[in-house]
């Protein structure tokens with residue numbers, strides 16, 4: 001097993017290693033999907049999250065073994081990169097990888113558990129949430145900060161930004177970090193990065209107005225681009241959903 005700890009995480013190493021060894025039978029499950037599982041553990045005076053990435057398909061087992069960084073390694077390294085840019089993300093602690101001679105197996109990313117007040121998703125569901133527009137504008141400024149720091153967060157979706165309300169001094173933290181690019185971004189790349197966040201014209205109008213102010217572009221231009229990319233994503237998303245539903249029908 002490959003084990004890499006953050007230089008700032010000197011405490012509880014042996015306890016965390018034992019947690020990974022006993023991952024299947026211990027810990028509080030907070031997310032369990034077909035590809036990943038997330039559990040929490042009390043370690044000393046902190047709570048940690050352990051994200052387990054399942055064994056990939058055969059082609060990716062070879063790719064991750066010899067040619068590509070694992071999702072766990074990318075999550076760890078991107079978290080450290082974000083922190084160096086003063087961009088919020090839960091404190092990275094370690095990553096673990098299991099491999100055989102030829103094949104990559106499973107991997108784990110360990111970070112401190114961050115207790116958020118809400119995620120961005122709540123803002124898409126409850127339009128009467130206190131200070132709704134104010135939080136959306138602050139979130140837009142946070143996204144602008146990502147773009148100005150050459151960060152393209154490819155999984156910029158409703159559940160992947162945690163928010164601490166902090167008495168109006170809103171703090172934002174990115175999670176699910178394994179897909180990012182670091183480069184200069186065109187205007188279209190910046191605006192397209194909002195496409196997965198909401199299907200609401202009202203929310204798009206608020207975010208586009210704030211982003212237009214920040215980037216010094218006409219509001220209508222930014223709104224039209226943002227709504228176009230949002231609509232294209234929604235159409236693609238529901239087309240896939242309908243296709244899956246029809247395939248399930250024929251299989252049954």
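Per the Debye formula on identical point scatterers at the alpha carbon atoms of the chain, with no solvent, log10 I(q)/I(0) at q = 0.08, 0.11, 0.13, 0.18 Å⁻¹ is -0.37, -0.69, -0.94, -1.40. Taking Cα atoms only, the orientation of helix 132-148 departs from the longest principal axis of the chain by about 70 degrees. Here 23, 96 are placed in order of increasing Cβ neighbour count within 10 Å, fewest first, which gives 23, 96. Computed on the chain, with alpha-carbon pairs under 8 angstrom and 6+ residues apart, the relative contact order is 15 percent.
For the options 187, 136, 58, a Gaussian network treatment of the chain with springs between C-alpha atoms closer than 10 Å singles out 58 as fluctuating the most. If you look at the Cα atoms of the range 2-112, you get an Rg and a Dmax of 13.8, 41 Å. Comparing 73, 91, 219 in a Gaussian network model of the chain (Cα springs below 10 Å), the most mobile by mean-square fluctuation is 219. Taking 181, 29, 128 in turn, the Gaussian network model of the chain (Cα-Cα springs below 10 Å) assigns the largest fluctuation to 128. Ordered by the number of other Cβ atoms lying within 10 Å of each residue's own Cβ, fewest first, 38, 222 fall into the sequence 38, 222. The C-alpha atoms of the range 118-240 occupy a region whose extents along the principal axes are 34, 33, 28 Å, arranged from largest to smallest. Helix 219-251 and the long axis of the chain differ in direction by around 50°, with both axes built from C-alpha atoms. Rounded to the nearest 10 degrees, the inclination of helix 71-84 to the longest alpha-carbon principal axis of the chain is 60 degrees.
All of the numbers you see were taken from the coordinates with simple rules; none came from a lab. All figures in this text were calculated on a predicted structure; none of them were measured in a lab. Using ideal geometry, Cβ is built from the backbone for each residue, glycine included, and neighbour counts are taken over all protein chains shown.
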